[in-house]
Amino acid sequence: MKGVKKDCKRYVISSLLSLVVKGEDFIVFCFGKPVFDNARQHHERLDGSGYPDGLTDKEISKKVKSSLSVIVLTP
């Protein structure tokens, strides 16, 4: 059952991400590119194991890295 839950979670996340990607122009226009980058990259991990793009340490923006440390340290 764990595999099914994981697949469902990944499906929901990818569906939500597709909405974010489709709304990129709107978000960039209204809030700016840094806000979009933060929204898109906030699940990335420094070792490249995150999603949606599997970015590594050097590819993730500094602003997003600072928010990642808050996410990781929050219980």
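Tabulated values for the structure
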| quantity | calculated |
| --- | --- |
| Scan of region 23-75 for residues that are of a type in the set (Gly, Ala, Ser), outside any helix (DSSP H, G or I) and modelled with pLDDT of 80 or more, ordered by number | Gly32, Gly48, Ser49, Gly50, Gly54, Ser61 |
| Cβ pairs under 7 Å, 6+ apart, first in region 1-25 and closer than 21 Å to Ala39 by Cα, second modelled with pLDDT of 75 or more and part of a helix (DSSP H, G or I) | Val20/Ala39; Val20/Arg40; Glu24/Phe36 |
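The values are calculated or read from the model by the stated rules, or taken from the named source; none is laboratory data. Please read these numbers as outputs of a predicted model, since none were measured by experiment. A quick note on method: Cβ atoms are made from the backbone with ideal geometry, for glycine too, and the neighbour counts reach across all protein chains shown.
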